[in-house]
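Take a look at the structure set out below.
The values are calculated or read from the model by the stated rules, or taken from the named source; none is laboratory data. The model shown is predicted, which means the values in this text are computed figures rather than measured ones. Neighbour counts are summed over all protein chains in view; Cβ atoms, including those assigned to glycine, are modelled from backbone coordinates with ideal geometry. Remember, those area values only see protein heavy atoms, side chains included, never the ligands or the DNA or RNA. Shrake-Rupley method; radii C 1.70, N 1.55, O 1.52, S 1.80 Å.
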Amino acid sequence: MNKYIVVDQPQKWNFLIENITVISSQEYLTNPKFSQLKKARIFNLCKDYSYQSKGYYVSLLAEAREHLPIPTVKNIVDLRALKLVRIVSDEFDDVIQQSLKNIKSREFTLSIYFGQNVAQKYKELSSLFYKHFQVPFLRVKFSYNTKWTVQSIRAISESEIPQEHFETVQIFANQYFGKKRYDIPKQVNYDFDLAILVNPNDPAPPSNPKGLKKFLEIAEKMNIYAEIIEPKDLSRLSSFDALFIRQSTEVNNETYAFARKAQQEGIAIVDYPDAILKCCNKVFMAEALNNANIATPKTVIIHKDNKHDVLKQVGLPCVLKAPDSTFSFGVKKAKTEKEYDQLVTEMLKESDLIIAQEFCPSDYDWRIGIIDNQPFFACKYYMAKGHWQIYNWKAKKKNDQDGDADCLPLEEVPKVVLDMAIKSAKLIGKGLFGIDIKVVNDQPMVIEINDNPNIDFGVEDGYYGDKVYTTILSALKSRLE
């Protein structure tokens, strides 16, 4: 196979490479012999890869001519998307932290030449970045706050290589161009494309960063292309086959709009817009559970005409819930009649109906994960330290904001709890749900039916591991099939 190094000015090319021809970008783009050439490998080392530049067109025309370019146009476009760069670098975050742990400054620049760095200790890190972006000369800038993160990544030209690096880079060049095979990722025909909706500013995200990373890893193993998208990416949704919502759901935020658009366009979804509408409204939930004869704490729907009669039924202390409360936001406890009156008056200003529930203290709540009417994980969520709820958002220390959790095999869940969870989920339909159940005096009671429940690495996957992620992704796959 013919090999060509394409640069802007061959006369300024400083490396001696055997058996490879160095040509100008102008010649490659305009000389007819190159458009007719069969079986060529093109090493595009132009100084500028920006859109519609010569460097961009060298790779573009190489692909059109069925030559084998390094980098490809996809590599060039990927390099410009910092968000994608950060997602990719998150995949080898452990290597970044380990490689840079001894650096004393808060900034670091890594220069990568043909997949290597002049310092041997950065060999693995350099190789990983090269394999993902396939750009011969790269410069990656990192900064340190609580950990090392990628700030920018760009292609550099030969002229930007420091003089003191030239001798080593010459060695790298001969090693690189002497290879018979190159580490070019194989083109993969994925079964389907999955968008995972995440809001970086979510105050209580339903999956932690390691959980999201796990979804991406498992998806790759299952031959699913998965990409993290954000609320601003609604216009891109049509380009995916499936949507998995990992942002806190509300009727009035982007999640409902995404779910509704996905449903209208026949895109597979977890979760459906109906599930968001129903689970996000505690008034609906109270009515539905009551009609299905599913035990709950004593529950009353409060409105302006009955607010003075409610305490006769639920007693004190009692729990007051806004209709759309999630993750314990909008959930209050009234200890006295005066406190009850104050809270109810404030909450009825926001909604014509609110919920009052009997206060049923317990050391923990069961959380049963249900996907399409099948249980697939079980946890005990313990109350936050010194608090009556699982979450205590007012805690001074972040570590005290939520309680501990134990993940158990489904076989160890009392059958009555498991059956109640399955029956409750069926009220909503197919989807991903977390059913919260208290057992008080040996009597189970449903506290919440949560759409979009937490799937956090180290918590909900504590017993079944990767199977938790596989089960959800398989459910999306079955929707498409």
Q: Would you mind stating whether Asn102 is at negative phi, free of Cβ contacts under 8 Å to residues at least 12 places away in the same chain and open to solvent by less than 50 Å² (accessible area, probe 1.4 Å)?
A: no
Q. Which of the residues that make up the stretch 199-224 are closer than 18 Å to Lys477 by Cα and either touching a Pro at 6+ places or on another chain (Cβ under 6 Å) or open to solvent by 30 Å² or more (accessible area, probe 1.4 Å) (or both)?
A. Lys214, Leu216, Glu217, Glu220, Lys221, Met222, Asn223
Q) Which ones in the stretch 1-34 are assigned to a strand (DSSP E or B), aliphatic (A, V, I, L, M) and open to solvent by less than 40 Å² (accessible area, probe 1.4 Å)? A) Ile5, Val6, Val7, Ile23
**Q.** Checklist (1) closer than 30 Å to Pro162 by Cα; (2) buried (at least 16 other Cβ atoms within 10 Å of the Cβ) applied to Leu37, failing item
**A.** (1)
Q) Being closer than 15 Å to Lys131 by Cα, within 30 Å of the chain's Cα centre (by Cα) and open to solvent by less than 20 Å² (accessible area, probe 1.4 Å), is that true of even one residue in the stretch 48-71? A) yes
(Q) Just checking, does the stretch 116-127 include any residue being in contact with a Gly (Cβ under 8 Å, 6 or more places away or on another chain) and open to solvent by less than 70 Å² (accessible area, probe 1.4 Å)? (A) yes
Q: Among the numbered conditions (1) in contact with a strand residue (DSSP E or B) (Cβ under 7 Å, 6 or more places away or on another chain); (2) in a helix (DSSP H, G or I), tell me where Ala257 comes up short.
A: (1)
Q) Taking only pairs six or more apart or across chains, which ones have beta-carbon atoms under 7 Å, a first residue in the stretch 122-147 that is at positive phi, and a second residue that is surrounded by 13 or more Cβ atoms within 10 Å (Cβ to Cβ) and in a loop (DSSP other than H, G, I, E, B)? A) Gln134/Pro71; Gln134/Thr72; Gln134/Ile184
(Q) Out of the strands (runs of 3 or more DSSP E) lying entirely within the stretch 285-360, which hold 1 or more residues that are at pLDDT 90 or above and either more than 30 Å from Val416 (Cα to Cα) or among the basic types (Lys, Arg) (or both)? (A) 331-334
Q. Do you know which residues across the stretch 263-279 are under 18 Å from the mean Cα position of the chain (by Cα) and under 16 Å from Ser238 (Cα atoms)?
A. Ala268, Ile269, Val270
Q. Restricting to the stretch 160-178, what's the tally of residues that are closer than 23 Å to Glu107 by Cα and either in a helix (DSSP H, G or I) or charged (D, E, K, R) (or both)?
A. 4
Q.
Report every pair of residues separated by at least 6 positions or lying on different chains whose Cβ atoms are under 9 Å apart, first residue within the stretch 292-312 and free of Cβ contacts under 8 Å to residues at least 24 places away in the same chain, second open to solvent by less than 20 Å² (accessible area, probe 1.4 Å).
A. Asn306/Val300; Asp309/Val300
Q.
Just to be sure I understand, how many residues within the stretch 417-447 are assigned to a strand (DSSP E or B) and either under 28 Å from the mean Cα position of the chain (by Cα) or of a type in the set (A, V, I, L, M, F, W, C) (or both)?
A. 11
Q. Within the set of pairs 6 or more residues apart or between chains, which connect a residue that is within 30 Å of Ser474 (Cα to Cα) and hydroxyl-bearing (Ser, Thr, Tyr) inside the stretch 171-198 to a residue that is modelled with pLDDT of 85 or more and open to solvent by 70 Å² or more (accessible area, probe 1.4 Å) with Cβ atoms less than 7 Å apart?
A. Tyr190/Tyr225
Q | Residues of the stretch 414-436 satisfying the condition of being modelled with pLDDT of 95 or more and among the hydrophobic types (A, V, I, L, M, F, W, C) | A | Val416, Val417, Leu418, Met420, Ala421, Ile422, Ala425, Leu432, Phe433, Ile435
Q. Quick one: which of Glu287, Glu227 is in contact (Cβ under 8 Å) with a residue 24 or more places away in the chain and open to solvent by 10 Å² or more (accessible area, probe 1.4 Å)?
A. Glu227
Q: State all residues of the stretch 448-481 that are out of contact with any strand residue (DSSP E or B) (no Cβ under 7 Å at 6 or more places or on another chain), β-branched (Val, Ile, Thr) and not in a helix (DSSP H, G or I); if no residue qualifies, say none.
A: Ile455
Q: Identify, by number, the condition in (1) out of contact with any Gly (no Cβ under 9 Å at 6 or more places or on another chain); (2) surrounded by 15 or more Cβ atoms within 10 Å (Cβ to Cβ); (3) farther than 30 Å from Val22 by Cβ that Arg139 doesn't meet.
A: (3)
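Here is a yes/no grid of residues against (1) touching a residue at least 60 places away in the same chain (Cβ under 8 Å); (2) among the aliphatic types (A, V, I, L, M); (3) open to solvent by less than 60 Å² (accessible area, probe 1.4 Å); (4) within 21 Å of Asp456 (Cβ to Cβ):
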residue: Asp233; (1), (2), (3), (4): no, no, yes, no
residue: Leu237; (1), (2), (3), (4): no, yes, yes, no
residue: Ala242; (1), (2), (3), (4): yes, yes, yes, no
residue: Arg246; (1), (2), (3), (4): yes, no, yes, yes
residue: Asn253; (1), (2), (3), (4): no, no, yes, yes
residue: Lys261; (1), (2), (3), (4): no, no, yes, no
residue: Glu265; (1), (2), (3), (4): no, no, no, no
residue: Asp274; (1), (2), (3), (4): yes, no, no, no
(Q) It is to be established whether one or more residues within the stretch 179-191 are modelled with pLDDT of 90 or more and among the hydrophobic types (A, V, I, L, M, F, W, C). (A) no
